[in-house]
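The values are calculated or read from the model by the stated rules, or taken from the named source; none is laboratory data. The shown structure was predicted, so the numbers you read here are calculated from the model rather than taken from an experiment. Glycine also receives a Cβ, built like all others from the backbone with ideal geometry; neighbour counts cover every protein chain displayed.
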Amino acid sequence: MQCKPSEDESRLFADMMTRQVLSVRNSMSLFGDGIEKRLRDDNGRRQWIAKRLWRLQEDNPLEVDLTYLSRYKPSCGIQFALDSAQNLPWSKLTQCVFCFAPPASFYSGHTDDHVRCTKSINWSSHQKCPEWRDGFHYFGRRRVHRHLVVVVHLLALDTGRRGRLKVTDEAWSAVQVFSDGYVCTSRYQLPLYEGRPNKVVFDYLRHYPVTTALRDLVGQRKIRLLDGASAFVRIADGRREEEVPLTKEVCLDYLPDEQRSKYLNVRGSRKQLSDFVPKDTDQNEYEEKLARQFNELLHNLLHKNKAKWG
């Protein structure tokens, strides 16, 4: 039997071979509670390890946090996927845009940082719980920023009687990208907020961790949660997207504790997205047409948003 490493595993191995050697003594300083200063000799360190880190053989091992397996390298980039949404209150077809903040290109109109959008729709999914099949989008050479986030923006689409596409800002959310120089590699369920974020929101996101910023803004009534509505996203180090499949257990840390049951309870919908496709029209052709119209509209929206941003 032969086992051949994947391309991503080969890149990770090369990085591991060149990483800085870290002793047990130095690694204890990473716990951040001053433990390395209190334990003055190796005997004390052994006792602390035996008490805090060893586990009995019959105990189940703790799940490994994928975030801290490999330090981020800008040359490898970041992978991001918006896979689905759940419990949407509006009754129209939904498409999404997402961008990094800073610089928040979709809202500020910056053209040096591309805005991405969903294109491939799962037409068999339901209108209240749409799914997209685009998979991961690659973002290369991102600098580490302590409070860098990806902002997800959901828009309701209306083709109108003349076939002219119109959109309405319905909801948004944000997810943290980095933690101590590592990409927050996982799958997340994000609560959605009403409307669209403004400059006040982006100022908070620039200076505080995303969970802290959003909780404070809700408390100050500057943003409002969309009751029970959420989006499912994945984020990964550019070398490790294979480790975050759609089947990976979802992280619920972003959901408000006191309302978590609302987000876990799926509200059904009889209407499938295929019902939006005009009669006698091929789904693939309609999807391509919709994508072209959406891209053109997105270009116009960027110019309008830039003017509003000032």
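Filtering Leu301, Leu255, Leu226, Leu290 for residues that are in a helix (DSSP H, G or I), surrounded by 14 or more Cβ atoms within 10 Å (Cβ to Cβ) and under 23 Å from the mean Cα position of the chain (by Cα) leaves a single hit, Leu301. Selection of region 113-155 for residues being part of a strand (DSSP E or B) and either farther than 22 Å from His303 by Cβ or modelled with pLDDT under 95 (or both) yields Arg116, Cys117, Ile121, His126, Cys129, Glu131, Trp132, His137, Tyr138, Phe139, Val149, Val150.
The rows are residues; the columns are (1) out of contact with any Leu (no Cβ under 6 Å at 6 or more places or on another chain); (2) over 22 Å from Arg141 (Cα atoms).
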| residue | (1), (2) |
| --- | --- |
| Gln176 | yes, no |
| Ser186 | yes, no |
| Thr212 | yes, yes |
| Asp216 | yes, yes |
| Gly219 | yes, yes |
| Arg234 | yes, no |
| Tyr254 | no, yes |
| Gln259 | yes, yes |
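Of the residues making up region 149-175, those that are surrounded by 20 or more Cβ atoms within 10 Å (Cβ to Cβ) and closer than 15 Å to Cys99 by Cβ are Val149, Val150, Val151, Val152, His153, Leu154, Leu155, Trp172, Ser173, Ala174, Val175. For region 258-287, filtered to residues that are in a loop (DSSP other than H, G, I, E, B) and among the acidic types (Asp, Glu), the residue that is surrounded by the most Cβ atoms within 10 Å (Cβ to Cβ) is Asp282.
Under the condition of being touching a helix residue (DSSP H, G or I) at 6+ places or on another chain (Cβ under 7 Å) and without any contact (Cβ under 8 Å) to a residue 24 or more places away in the chain, the residues counted in region 93-113 number 1.
Beta carbons closer than 9 Å, at least 6 apart along the sequence or on distinct chains, pair a first residue in region 231-246 that is outside any loop (DSSP other than H, G, I, E, B) with a second that is among the basic types (Lys, Arg) and buried (at least 22 other Cβ atoms within 10 Å of the Cβ) for Glu241/Arg234. When Leu88, Leu82 are screened for being outside any loop (DSSP other than H, G, I, E, B), modelled with pLDDT of 90 or more and under 27 Å from Leu157 (Cβ atoms), only Leu82 passes.
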